[in-house]
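Asks: Before I ask anything, here is the structure I am working with.
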Amino acid sequence: MITDYPWYMVMLCLLAGVAYAVLLYFTGHRRFGRRTNWLLAVLRFAAVSIIALLLLAPMTRRTVHERQKPHVVLAVDKSLSVAMSADSGFSLAPLVDDLGDKLRFTEVPFGDAGGTDIGSVIEGIGSDVDAVVLATDGIYNRGSNPATAAERLAVPVYTVALGDTTLQRDAAIGGLRVGRVAMSGSTIPMELTASASLLRGNTSLLTISDARGHQLFSQRLNYDDDDFAIAVNAILPAAEPGLQRFIARLAPVDTEVNTDNNVISFYVDVIDARRKVAIVAAAPHPDLAAIKRAIESNSNYEAKVFLESGKLKKEDIDDYSLVVLHNLPSKEHPDVSFAEDDAQMYVIGLHTDLSRFNALHTGMEIVSKAQRVNEVTAISREGFTLFNLDQSDAVAVEQFPPLSAPFGEARISDGIQTLFGARLGNIDTRQPLMAAAVQGERRRVFVWGEGLWRWRLADFANSGSHDRFDRLVQQLAGFAAMQADRQRLRVEADRTYQTGMPIVLRALLYNESYELSNTVEVSLELKGDEYSGTFTFHSDGDAYSLVLPTLPEGVYRYRATTADGLVAEGTFAVEALGLELSRLVADHSLLRTISHTTGGTIYTPDDISALKHKLAELKPTIYSHTRYSDLLGLPLVLALIVLLLGAEWLIRKLSGEV
C-alpha cells in the first residue's frame, strides 16, 4: 500500500483510532465488562483507523504475471508459379487445427498472377512474432532480396519448399526495365533479360516491335550454355505522343516446353510537352548545374539559371512552365512573388528562410527550433500515385549520399504525397525528403535538402552514367510543369493495369463554383480493339466510382459524359501478365539461406508433421507488469468497515445496552 502523504500522517490516523476508542470505552463509568470493553475498543479502533487511512487516498501496488501464447505468422505463396506446380493445393490449415489451442496464428497470403514480392512480406512482419512459416517456391520477381530482409528478423523462419526444381527445355523473356514516361521526339532506353535452360546449341531471334508490327530492334542469340542468360539493351524511338505499346518476342525453339513466356508487351506514355524551366537561386551552388543538366538531358526541356532573384519580375518568366526555387525565400532574398502564378519546385536548403517559406502556405510547413543541419538519405515510400518511378531507380536513389537538410519537423497537408522519406542514419524519421502535390490549378514539388549534385556524381560512380538521377529530376520537373486539369468533369485512371486485376475508375464532377457534386448521372463509353461497352458511374462520397469487368490486353479509349454536355476523355492500357510465366523453376536454395540465417529449418510439403512438432516446442511468453489500484474502490475494504461496525453494534446489543 502506498500514499502520497508522509509517514506521520499514517500515525495520526492510528492515533485517531486509539483516541476514539479510549474516549468511548475507557472514560467515565464502565458500561460493560472489562473484556467486552477491550473487544469493543479494538473494533472501534480498527474501524476509525481504516476510515481515516482512506482519507489519505492510498493505493495498492502489486505485480501481475500474464502468459501469452507464442505468435506464429503463416505466409503462404499464392502466385501463379505455385498454382501451376504440383503443390497448388498446399495448405497450412493442419497446423492451425492441431496447434490452435497452444499458438496464435496470423495467416498472410501473398503473391498473385501479377508477381511475387517475398521481401516485402518478410519486411512487413512485426516485432511481436515468435516464429515465421514461409511456404513458397522461392521465386520472386518484385521487390528486394528476401534473404537480405530475413537477416533483419530476430525470430526463426521455417520454410516449406514448394514447386519443382527440375529444369525444363525453355526460353523466356523477363527482367524488363524501362521508363514508363517519355517525351515525344526523344528515345526510350530499356533493358530486358533473355534466358534459356537445356537449349545449348540452339539459336533464336529477339525482336522488339511497335503495336503496328514495325520491327524496331532485333538481336540474334546463341544459346551456348544449358543455363543461358543475357541482358539485352535497346533504344526505342518515342515518335508519337500517346500510350504506346511495344512487344518483345523471342522466337521459340521447336523443343521448348513453354512458349507463353517468349513474348512480353509493355507500354510507355509518350508525352508531347516541351517545357521551359527557370532555376532561380539566391547564390551560385553546384546543385544548379546538376538540376540544369538533368533537365536538359531531355531534348524537350530547356532550363535557364537566374541568380539575381531580387530583380526578377513575373513578366521575366511568363513563358516558363516551372520555377525551381533553390534556397528561396532567403533572408537576403525574401520576395518570391514572381513565381506565385507558376508551378513550383522548392529545394529547401541551409539558407532557406523557413519562417518566410511557411508564410507562403504551400501545404508544407517546417517547424524548426534549432539552427542545426541533418544529413539525411532517401527511403522510398509506398502509396505515391502522382507519377510512376521505376523501382530500379528508387533503389538506386536509396544508395545515394545524404542531402543536407535544415533541422525541423514537417507538417504537410493531406494533398501532398511523399515520394521519398528522410532517413537519419539508420532511423526512418517519417519526414518527407521528396514530395509532390496537385493543389487546385498549381502543382508543387518539394525537396527537403540540398546537395543534389552529390547524387548526380554518385549515380555516375555507381552505374557509369547519370541516367537514374536525370530521370528522377525529369519526372519531378515533368510532373510539376504539366498543366493542371481545369475541366469540370475529370476521370482518374491509371495509365496501365494488368490482366485479371480489378480496374477501378474514379470521376470528379465540379459545379459552376468549382465545388464537388455528384447529383448528375455520369456515363462512360469504353472502346478497345477487342472489347467495347457502356457503363454508368456510381456515387462514392463526393465523387463517382466505377469497377470495370476483366478486360483483355490492349489499349482502351474512354469517353465520360454528363446529360448537360460535359466530357472527359482518356486512354489506359491493360498489360498481359508475364512476370510469373517467365520463371517456373523453384529456387529452394534461397529458402535454405533464409532458414539458415534466421535459425530455422527447411521442410518439404510432406514434412508438415515434423514442422508441427517443432512449433509445438515454442514456449509461451510471460509478461510482468505493475498494477495500481485505488484502495477506496475495493469492495472488500467497504465490507471490512461494515463488518467491524456491525460486530461492535451486535456485541453492545447482546451485552444489554439500552
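Asks: Among (1) touching a Leu at 6+ places or on another chain (Cβ under 9 Å); (2) without any contact (Cβ under 8 Å) to a residue 60 or more places away in the chain, there is one condition ILE50 misses while meeting the rest; what is its number?
Replies: So ILE50 meets the others, but not (2).
Asks: To continue, here is another question. Identify all residues within region 147-157 that are buried (at least 24 other Cβ atoms within 10 Å of the Cβ) and not in a helix (DSSP H, G or I); write none if there are none.
Replies: VAL157
Asks: Can you tell me which of PHE90, PHE32, PHE45 is part of a loop (DSSP other than H, G, I, E, B), under 23 Å from LEU643 (Cβ atoms) and touching a residue at least 12 places away in the same chain (Cβ under 8 Å)?
Replies: Result: PHE32 is the single residue among PHE90, PHE32, PHE45 that is part of a loop (DSSP other than H, G, I, E, B), under 23 Å from LEU643 (Cβ atoms) and touching a residue at least 12 places away in the same chain (Cβ under 8 Å).
Asks: What are the residues in region 225-282 that are among the acidic types (Asp, Glu) and not in a loop (DSSP other than H, G, I, E, B), if any?
Replies: ASP227, ASP260, ASP269 - these are the residues of region 225-282 that are among the acidic types (Asp, Glu) and not in a loop (DSSP other than H, G, I, E, B).
Asks: Still on this structure, please answer the following. Name the residues in region 438-475 that are in contact (Cβ under 8 Å) with a residue 12 or more places away in the chain, of a type in the set (A, V, I, L, M) and farther than 20 Å from TYR346 by Cβ, would you?
Replies: ALA458
Asks: Looking at GLU553, GLU648, GLU569, which one is of a type in the set (D, E, K, R) and open to solvent by less than 40 Å² (accessible area, probe 1.4 Å)?
Replies: Selected residue: GLU648, the only one of GLU553, GLU648, GLU569 that is of a type in the set (D, E, K, R) and open to solvent by less than 40 Å² (accessible area, probe 1.4 Å).
Asks: Which residue is least open to solvent (accessible area, probe 1.4 Å), if the candidates are limited to region 308-359 and must be without any contact (Cβ under 8 Å) to a residue 40 or more places away in the chain, among the small types (Gly, Ala, Ser) and closer than 23 Å to ALA437 by Cα?
Replies: Among those that are without any contact (Cβ under 8 Å) to a residue 40 or more places away in the chain, among the small types (Gly, Ala, Ser) and closer than 23 Å to ALA437 by Cα, it is SER337.
Asks: Further question: Look at LYS292 and say whether it is under 23 Å from PHE357 (Cβ atoms), surrounded by fewer than 22 Cβ atoms within 10 Å (Cβ to Cβ), touching a helix residue (DSSP H, G or I) at 6+ places or on another chain (Cβ under 6 Å) and among the charged types (D, E, K, R).
Replies: no
Asks: Restricting to region 93-146, what's the tally of residues that are assigned to a strand (DSSP E or B), open to solvent by less than 10 Å² (accessible area, probe 1.4 Å) and of a type in the set (Val, Ile, Thr)?
Replies: The number of residues fulfilling the criteria is 3.
Asks: Within region 435-452, how many residues turn out to be in contact with an Asp or Glu (Cβ under 6 Å, 6 or more places away or on another chain) and either assigned to a strand (DSSP E or B) or of a type in the set (Phe, Trp, Tyr) (or both)?
Replies: So the answer is 1.
Asks: I need the full set of residues from region 285-320 which are closer than 20 Å to LEU403 by Cβ and in a loop (DSSP other than H, G, I, E, B), in order please.
Replies: If the condition is that a residue be closer than 20 Å to LEU403 by Cβ and in a loop (DSSP other than H, G, I, E, B), then HIS285 is the only one that fits.
Asks: Go through (1) within 30 Å of GLY599 (Cα to Cα); (2) touching a residue at least 40 places away in the same chain (Cβ under 8 Å); (3) outside any strand (DSSP E or B) one by one and return the number of the condition VAL160 breaks.
Replies: (3)
Asks: Give the residues of region 202-222 that are open to solvent by 50 Å² or more (accessible area, probe 1.4 Å), free of Cβ contacts under 8 Å to residues at least 24 places away in the same chain and in a strand (DSSP E or B), sorted by residue number.
Replies: THR203, GLN215, SER218, GLN219, ARG220, ASN222
Asks: Out of region 54-77, which residues are open to solvent by less than 40 Å² (accessible area, probe 1.4 Å), farther than 30 Å from LEU591 by Cα and of a type in the set (A, V, I, L, M)?
Replies: If the condition is that a residue be open to solvent by less than 40 Å² (accessible area, probe 1.4 Å), farther than 30 Å from LEU591 by Cα and of a type in the set (A, V, I, L, M), then LEU54, LEU56, VAL64 are the ones that fit.
Asks: From the set of residues in region 584-622 that are part of a loop (DSSP other than H, G, I, E, B) and touching a helix residue (DSSP H, G or I) at 6+ places or on another chain (Cβ under 7 Å), which is modelled with the highest pLDDT?
Replies: Checking each candidate, the answer is THR601.
Asks: Going by what's in this entry, would GLU515 be described as more than 30 Å from ALA194 (Cα to Cα) and in contact with a Lys or Arg (Cβ under 7 Å, 6 or more places away or on another chain)?
Replies: So GLU515 fails the test.
Asks: Of all residues being of a type in the set (Val, Ile, Thr) and surrounded by fewer than 20 Cβ atoms within 10 Å (Cβ to Cβ) in region 161-201, which is nearest to LEU389 (Cα to Cα)? Just the residue, please.
Replies: VAL178
The values are calculated or read from the model by the stated rules, or taken from the named source; none is laboratory data. What you are looking at is a predicted structure, and each value in this text was computed from that prediction instead of being measured. Every residue, glycine as well, gets a Cβ built from its backbone with ideal geometry; the counts of neighbours run over all protein chains shown. Only protein heavy atoms, including side chains, enter the accessible area calculation; ligands, DNA and RNA are left aside. Shrake-Rupley method; radii C 1.70, N 1.55, O 1.52, S 1.80 Å.
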